[in-house]
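Okay, so here's the structure we're looking at.
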Amino acid sequence: MAADLVNRLIREPSGTPTAAVLADILAIDPPSVAKLDVDDAPGFVALAHRLDTVFDSLRRGDLDAAATELNALLASHSAHPHLAKENGEWRMHHHPADAAVLPMWTSICSENLARLIGAGESARIGTCAGSGCERVFLDESKNASRRFCSTTCNNRARSAAYRRRHTRR
């Protein structure tokens, strides 16, 4: 979710974010979409900028700056983990049960990125190595070797490398 917010609202914005764009980003959690208000857009853009700072710090290898920003986000919208039963299944929630949608997603995104850093997995939080692409992603591969945000960027980079190799002959 943090990567989606950064990519869709900062790295490749399609104009002023609308409730429809935010609803599409938050579609993973239908109750969030139901609570979404058009007045939430500026807050989500501000959150995306702060999360972008975290991704950028990690891209530069500045783990201290990333942790400092995440600590500030957690202090302003602290996580309150609890179990909630949804559709007969218990799920972990990372926010107060009565939280508004923006503070809720601020705590969720902040806590999850902080957990990765705290577990020594900051290398899994990446920025695409594709030429001209600045999208961010979470590497969920087994060996944490992902370098591109998508198959498209990976294929583009491989094709360019192939063309470079064969034009030198």
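The values are calculated or read from the model by the stated rules, or taken from the named source; none is laboratory data. All values derive from a computational prediction rather than experimental measurement. Cβ atoms come from the backbone with ideal geometry, glycine included; neighbour counts cover every protein chain shown.
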Consider ASP64 against the criteria (1) surrounded by 12 or more Cβ atoms within 10 Å (Cβ to Cβ); (2) out of contact with any strand residue (DSSP E or B) (no Cβ under 8 Å at 6 or more places or on another chain): it satisfies all of them except one. Which criterion is unmet?
-> (1)
Quick check: is even one residue across segment 6-17 in a helix (DSSP H, G or I), of a type in the set (A, V, I, L, M, F, W, C), under 21 Å from GLY126 (Cα atoms) and modelled with pLDDT under 95?
-> yes
With respect to VAL33, determine if the residue is of a type in the set (Val, Ile, Thr) and in contact with a Pro (Cβ under 7 Å, 6 or more places away or on another chain).
-> no
Looking only at segment 104-127, which residues are touching a residue at least 24 places away in the same chain (Cβ under 8 Å) and either part of a loop (DSSP other than H, G, I, E, B) or under 21 Å from LEU22 (Cα atoms) (or both)?
-> MET104, TRP105, THR106, SER107, ILE108, CYS109, SER110, GLU111, ASN112, LEU113
Pick from segment 87-103, criterion in contact (Cβ under 8 Å) with a residue 40 or more places away in the chain and not β-branched (Val, Ile, Thr), ranking: farthest from CYS133 (Cα to Cα) = ALA100
Quick one: count up the residues across segment 11-44 that are over 18 Å from LEU113 (Cα atoms) and either of a type in the set (A, V, I, L, M, F, W, C) or in contact with a Gly (Cβ under 7 Å, 6 or more places away or on another chain) (or both).
-> 11
Mind checking whether some residue in segment 140-154 is surrounded by fewer than 20 Cβ atoms within 10 Å (Cβ to Cβ) and within 26 Å of GLY43 (Cα to Cα)?
-> no
Report, by residue number, each residue of segment 18-52 that is of a type in the set (Lys, Arg) and either buried (at least 17 other Cβ atoms within 10 Å of the Cβ) or part of a loop (DSSP other than H, G, I, E, B) (or both).
-> ARG50
Residue that is farthest from ASP52 (Cα to Cα), among those in segment 128-169 that are in contact (Cβ under 8 Å) with a residue 12 or more places away in the chain and small (Gly, Ala, Ser) = ALA160
Being under 12 Å from THR106 (Cα atoms) and free of Cβ contacts under 8 Å to residues at least 24 places away in the same chain is the filter; apply it to segment 72-82 and report the residue that is surrounded by the fewest Cβ atoms within 10 Å (Cβ to Cβ).
-> ALA75
Name the pairs whose Cβ atoms lie under 6 Å apart, with the first residue in segment 53-68 and modelled with pLDDT of 95 or more, the second among the acidic types (Asp, Glu) and crowded, with 18+ Cβ neighbours inside 10 Å, and 6 or more positions between them or separate chains?
-> THR53/GLU69; VAL54/GLU69
Does LEU26 fit the bill of being more than 14 Å from the chain's Cα centre (by Cα), touching a residue at least 24 places away in the same chain (Cβ under 8 Å) and within 19 Å of PHE137 (Cβ to Cβ)?
-> no
ALA161 vs. criteria modelled with pLDDT under 85, closer than 26 Å to PRO13 by Cβ, part of a helix (DSSP H, G or I) and not basic (Lys, Arg) | no
